[in-house]
Amino acid sequence: MDADFSRFVAERRPALLRFALALSGNGADAEDLVQTALARTAVRWHSIRKKDSADAYVRQAIVRLHINLWRSLRSREHPVAAIPEHVATADDPETRQVVWAALATLPPKQRAVIVLRYYEDMSEADIAAALGCSRGTVKSQASKAMAHLRALTGLRDDPAAMEGRPA
């Protein structure tokens, strides 16, 4: 195995796992996504590292693998036991658990849009390119997902928490 590739994997694997976990909502799926993406990257490592875009290549591979997964498993649902109806800050651990659980109930395409937009801070155009759809589809999926998350969690945007946040 190439020493540069081994070093890349050692340095970037934790961040790639976090990304895949946010995208898939499942630890086992995240591990599989990262492992498969890294295997595909290893095959093309010599051409990828010359472009200095290995991280972007692996993330794109993870997104594409995830898309293929949710296309084949569209009917998978994740029920939530209780729906809280309170407003809390983003720093609240209980709120984070509620949001992660609610995120897992989204259909895979909506979850992918939300993760890419708010976790990866990608633009609508970049998300559309990554998912192979139009910007309009990204906007509609994000809108539906946010409405679902708000309804499911009972959480609303906290204006005080939004202050100082870039628009």
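Over the range 1-76, the alpha carbon radius of gyration divided by the compact-protein estimate 2.2 N^0.38 Å works out to 1.10. For trypsin sites (Lys or Arg not before Pro), the sites in the range 1-66 that DSSP calls loop and that have at most 16 other Cβ atoms within 10 Å are 44.
Dipole of the range 1-76 computed with +1 at Lys/Arg Cβ and -1 at Asp/Glu Cβ about the Cα centre; of 43, 60, 25, farthest Cα towards the positive end is 60.
Label-to-label distance for residue 56 and residue 118 is 2.7 nm, based on points extended 7 Å past Cα in the beta-carbon direction.
The numbers here are math on the coordinates, done by the rules we state, and not lab data. Nothing here was measured: the structure is a model prediction, and the numbers come from that model. Reconstructed Cβ throughout: ideal geometry from the backbone, glycine too, with neighbour counts over all protein chains shown.
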